[in-house]
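Below is one structure, written out as structure tokens; comments come after it.
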Amino acid sequence: MCGIVGYIGNKDSLSVLLEGLRRLEYRGYDSSGVALLEKGNIRIVKTPGKIKDLDSLLRKEKISQSVIGIAHTRWATHGAPTKLNAHPHTDCRNNFSIVHNGIIENFASLKKELVKQGHKFISETDTEVVAHLIEKYYKGDLKKAFLQALARLKGSFAIVLLSKKHPDRLLFARQGSPLIVGVGKNENFLASDVPAILSHTNRVIYVKDAQAGEIRKNKVSLFDIKGRPQPVKIEKVLWDLESAQKSGYAHFMLKEIHEQPQVLKHLSCAGIKFDKKLISILKNTKQIFIVACGTAYHSGMVGKYAIEEMTKIPVAVDLSSEFRYRSPIIDNQSVLIAISQSGETADTLAAVREAKNKDAKIISICNAVGSSLVRESDFVLYTHAGPEIGVASTKAYTAQLMVLYLLALNIAKVKKTLPKSVISRYANILCDTHNQARTILKNSTRHISEIAGRHHNFGSFLFLGRNVNYPSALEGALKLKEISYIPAEGYAAGEMKHGPIALIDEYRAVVCIATESKIYEKMISNIQEIEARKGKIVIIATYGNADIKRHSKEVIFIPKVEELFSPILVALPLQLFAYYVAAKRGCDIDQPRNLAKSVTVE
Ligand code: AGP
């Protein structure tokens, strides 16, 4: 939610900031703006719309060269996406300019207080109070005023401050929303995420919660919220800019779909080093809890099947937003696995904190190094999928599945819940998954795009799966609805007769996952029930199943794989199908309406 960029150095700050905003646009894209120090004054330019709208507005304005500035791309929370509500915001005299990601929960009472004291507000945002608070407290010491203002804030934030009174520095703070410092030579950067600064430097500092700091051209300092100095730890980003670019693909989503074989290969064959202590804790636990949101929740559901089947440890899977409010029975003997691509999802972090309060051990499965989730966990299993820019999660999902399978297998090995021969067979299956994924992408992409061409005008979709592919059906429906805006529902096929069958007629498209499995025949019965009611069926089946064509001419084949591991392969055609349906409908695939890549508010 919202992307922040800040720059100080010798370069033209406007082009650095705009480039950074373009790379962060996945975080929010309803309005944007920049504030630059121009001839001793703060110049603010902002507009509703996308970064390209800001870019064309800036081209019309005459802006002098500036070497310090801040910028923001917004995903609206308080106030509509208008020019006035766009960031940066400023105080009454335009001395202090602010960009902010997060929510200031007590902004209404602060605003009331400040208005009483004579401050003039022009936006409906929560952010504007921060600029006025700094104005209120400023008596010549910027750091002191900044810290005094921060002390008044409740909620989550990453904030960057530009002041015309101190043209040699940018101040920043983080509480709950991500922020990094990019360390350059004679220049330094601030950003919500690494891609914004990666063309300039790969040396970053992951700012921690309750940490603030200051960047100057040649200096970075960190301090706590009381102003006491804190150590600076610079880390090297291991991926390059290429990973954060489209590299010839029409969309990030398509590129990320095609990166899956490589990600799966890295995880399964190069292997993850599982901490012995982590495995021993899991081996001895009586109950595992999994919490996650959206796509990550679907991977958690598959994880339940895998862990229970291989290790015989009971697993409860919860949506993070539900877990935190349902008084879960959890204690110091419990283990909670939190799954999140971004590591910044507010609900998942809140669920983790709930479990930590009850002394449970926290394991995170995460893609983002240095994220809040990683920092709050006792153990981290990285998905190593590289940056995922498309709002629709694809490679992070299959990477999460792979990590969960490998984790289950490693517990089973130590717990001896599977014979050695089965363990090595499963390990081989996982190690071969990337080849099978590559086969699907190579053989089926065109065919899937043709099927999508025949189905993109349907008004609604049903996705049906059973057993371990029930979560796949949920994921297929989520992918389709979020990028094509077609209402789509995922259902356990066995539940069809308990309601959804009422929806079936010749206008309803139904995607059925009928790969080889122990419940294949049951799935075929469901398919026949849909046929009888003239539903338009698309089937995902296993190569070699000649019989399946009797039920529909729209069949997507995937390679034969043991049922337990099939969700990884099933995910690929579902992702491609959603992608091509959305493409045929002319949707904004990487930046679907109303969504943002990381949901850092409740
Ligand atoms: C997936 O395509 C979504 N955009 C969304 O459901 C996402 O998976 C969810 O918001 C969780 O995000 P996280 O993995 O960063 O926690």
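A compact table of results
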{"read-out": "Region 217-238, residues that are in a strand (DSSP E or B) and at pLDDT below 95", "value": "235, 236"}
{"read-out": "Residue that is nearest to residue 431 (Cα to Cα) [pool: residues in region 548-602 that are without any contact (Cβ under 8 Å) to a residue 60 or more places away in the chain and among the hydrophobic types (A, V, I, L, M, F, W, C)]", "value": "555"}
{"read-out": "Check on residue 374, at pLDDT 95 or above, surrounded by fewer than 24 Cβ atoms within 10 Å (Cβ to Cβ), over 16 Å from residue 285 (Cβ atoms) and not basic (Lys, Arg)", "value": "no"}
{"read-out": "Enumeration of residues in region 449-465 that are under 19 Å from residue 527 (Cβ atoms) and under 27 Å from the mean Cα position of the chain (by Cα)", "value": "460, 461, 462, 463, 464, 465"}
{"read-out": "Residue within region 417-438 that is surrounded by 17 or more Cβ atoms within 10 Å (Cβ to Cβ), within 29 Å of residue 588 (Cβ to Cβ) and modelled with pLDDT of 95 or more present", "value": "yes"}
{"read-out": "Any chance residue 383 is within 16 Å of residue 295 (Cα to Cα) and touching a helix residue (DSSP H, G or I) at 6+ places or on another chain (Cβ under 6 Å)", "value": "yes"}
{"read-out": "Residue match in region 261-269 (condition: charged (D, E, K, R) and closer than 30 Å to residue 410 by Cα)", "value": "yes"}
{"read-out": "Hits in region 170-197 (condition: surrounded by fewer than 24 Cβ atoms within 10 Å (Cβ to Cβ) and part of a loop (DSSP other than H, G, I, E, B))", "value": "184, 185, 186, 187"}
{"read-out": "Residue selected from region 260-319 under the condition of a type in the set (Lys, Arg) and modelled with pLDDT under 95, by the criterion surrounded by the most Cβ atoms within 10 Å (Cβ to Cβ)", "value": "283"}
{"read-out": "Unmet requirement for residue 330, which otherwise passes all of (1) within 29 Å of residue 563 (Cα to Cα); (2) more than 13 Å from the ligand (Cβ to nearest atom); (3) aliphatic (A, V, I, L, M); (4) touching an Asp or Glu at 6+ places or on another chain (Cβ under 9 Å)", "value": "(1)"}
{"read-out": "Some residue of region 336-346 being modelled with pLDDT of 95 or more and on the phi > 0 side of the Ramachandran plot", "value": "no"}
{"read-out": "Pairs with Cβ under 7 Å, 6+ apart, first in region 108-124 and without any contact (Cβ under 8 Å) to a residue 40 or more places away in the chain, second in a loop (DSSP other than H, G, I, E, B)", "value": "111/121; 115/121; 119/92; 120/92; 122/84"}
{"read-out": "Any chance residue 408 is at pLDDT 95 or above, in the same structural domain as residue 292 (by TED's automatic domain parsing) and within 16 Å of the ligand (Cβ to nearest atom)", "value": "no"}
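For every residue, the table says whether it meets (1) in contact with a Lys or Arg (Cβ under 9 Å, 6 or more places away or on another chain); (2) within 11 Å of the ligand (Cβ to nearest atom).
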| residue | (1), (2) |
| --- | --- |
| 324 | yes, no |
| 334 | yes, no |
| 338 | no, yes |
| 344 | no, yes |
| 356 | no, no |
| 360 | no, no |
| 364 | no, yes |
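For (1) closer than 20 Å to residue 448 by Cα; (2) of a type in the set (Val, Ile, Thr); (3) in a strand (DSSP E or B), each residue gets a yes or a no:
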residue	(1), (2), (3)
511	yes, yes, yes
521	no, no, no
525	no, no, no
529	no, no, no
541	yes, no, yes
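The values are calculated or read from the model by the stated rules, or taken from the named source; none is laboratory data. Only a predicted model underlies this, so the values are computations on that prediction, with no experimental measurement involved. So basically every Cβ, Gly included, is an ideal-geometry build from the backbone, and we count neighbours across all protein chains shown.
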